[in-house]
1. Test of understanding: what is the full-extension gain from THR110 to LYS262, defined as 0.36 nm times their sequence separation minus their Cα-Cα distance?
2. Do any GluC sites (Glu not before Pro) in the stretch 143-206 lie in a loop, going by DSSP, with at most 13 other beta-carbon atoms within 10 Å of their beta carbon, and if so which?
3. Rounded to whole Hz and in sequence order, give me ³J(HN,Hα) for the stretch 283-294 from the Karplus expression 6.51 cos²θ - 1.76 cosθ + 1.60, θ = phi - 60°, writing x for Gly and Pro.
4. Starting from the Cα-Cα distance between ASP156 and ASP251, subtract it from 0.36 nm times their residue separation and give me the gain in nm to one decimal.
5. Go through the stretch 150-166 residue by residue and turn each phi into a ³J(HN,Hα) via Karplus (6.51, -1.76, 1.60, θ = phi - 60°); whole Hz please, and just put x for glycine and proline.
6. Could you go through the stretch 214-226 in sequence order and give the Karplus-derived ³J(HN,Hα) for each residue, using 6.51 cos²θ - 1.76 cosθ + 1.60 with θ = phi - 60°, rounded to whole Hz, and x for Gly and Pro?
7. What per residue convex hull volume, in Å³, do the alpha-carbon atoms of the stretch 164-221 yield?
8. Can you flag which of LYS212/LYS262; LYS113/LYS212; LYS226/LYS286; LYS188/LYS262 are past 31 Å Cα-Cα?
Amino acid sequence: MDIEQLSCLPRLVSSQTEEPPGVWSSFGDLPPCQHFLPRLPAASPSPAPVCLSVAKPGHAGVSASMMKKRTSHKKHRSSVGPSKPVSQPRRNIVGCRIQHGWREGNGPVTQWKGTVLDQVPVNPSLYLIKYDGFDCVYGLELNKDERVSALEVLPDRVATSRISDAHLADTMIGKAVEHMFETEDGSKDEWRGMVLARAPIMNTWFYITYEKDPVLYMYQLLDDYKEGDLRIMPDSNDSPPAEREPGEVVDSLVGKQVEYAKEDGSKRTGMVIHQVEAKPSVYFIKFDDDFHIYVYDLVKTS
């Protein structure tokens, strides 16, 4: 399957095996709560193509991961590894506040608190979580992952807030944007991205991904827009959506196992877990060896 690139998302091409800079490169294993500034390129070139193919369920490996914190635009990396099953919960925890311990290998146990956003239908043991103080969305099998300990559902529920500008919220979904982030020295870095959807549960937040860092993040973008830190790009260069006949069913890759072939011959496996409604060619992918959600435009060309 050949794939093309949408204006601000990375492409996956079956004939290439190069790794996108800044996404697949490893900085080594860091403690779970250590942060450092990202290496920002002078320009915003499109990431190099990588290889993706439908595969049988594979085995997990070990690699580095990342997350971003908006206030300082920092990233956090941590190694990940295999997991083993534990007992399943008897209640629906979507929309709940949770806290739990987290331990990497022989390292210390760190405490995490966050909000469960969703339970993935094609893999019900997988939950999407927004942790307090971090802006990327995590995908964890909370009841299977041996690194998770003392999982507790907190009594407080997420408060429902009224969105301040529903028209603007609807307008920005599916659009390319330029998002400004303030660095530690007070300067601002511009990141080109795409607004994917309103986030579930936390209804004043939006899912977004970036050209230079194609993982799933969420921010209160209406506030950023009103503060001048978010600019919606003109859509004159966007290709019009393909017209469909009434009742026509669009092919979906959701639930498909995927395989990523690296330069060294090793393979990375995962699953397509979600199709973006505003951009049906855009999908969320959860790799077995990483707890971040990757966002790719998978446009079939042959």
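Read the figures in this text as sums done on the coordinates, not as results from a lab. Note that this is a predicted model, so its numbers are computed, not measured. Cβ: placed from backbone, ideal geometry, glycine included. Neighbour counts: every protein chain shown.
1. 51.5 nm
2. Loop-located and lightly packed - GLU146, GLU184.
3. Ordered by residue, 3J(HN,Hα) equals 10, 9, 10, 10, 7, 5, 9, 8, 9, 9, 9, 9 Hz.
4. 30.2 nm
5. Each residue's phi maps through the Karplus curve to give 6, 5, 10, 8, 7, x, 6, 9, 6, 6, 8, 10, 7, 6, 6, 9, 5 Hz.
6. For the stretch 214-226, the Karplus curve yields x, 10, 8, 10, 9, 9, 8, 6, 5, 5, 5, 5, 5 Hz.
7. 95 Å³
8. Too far apart for the 31 Å limit: LYS226/LYS286; LYS188/LYS262.
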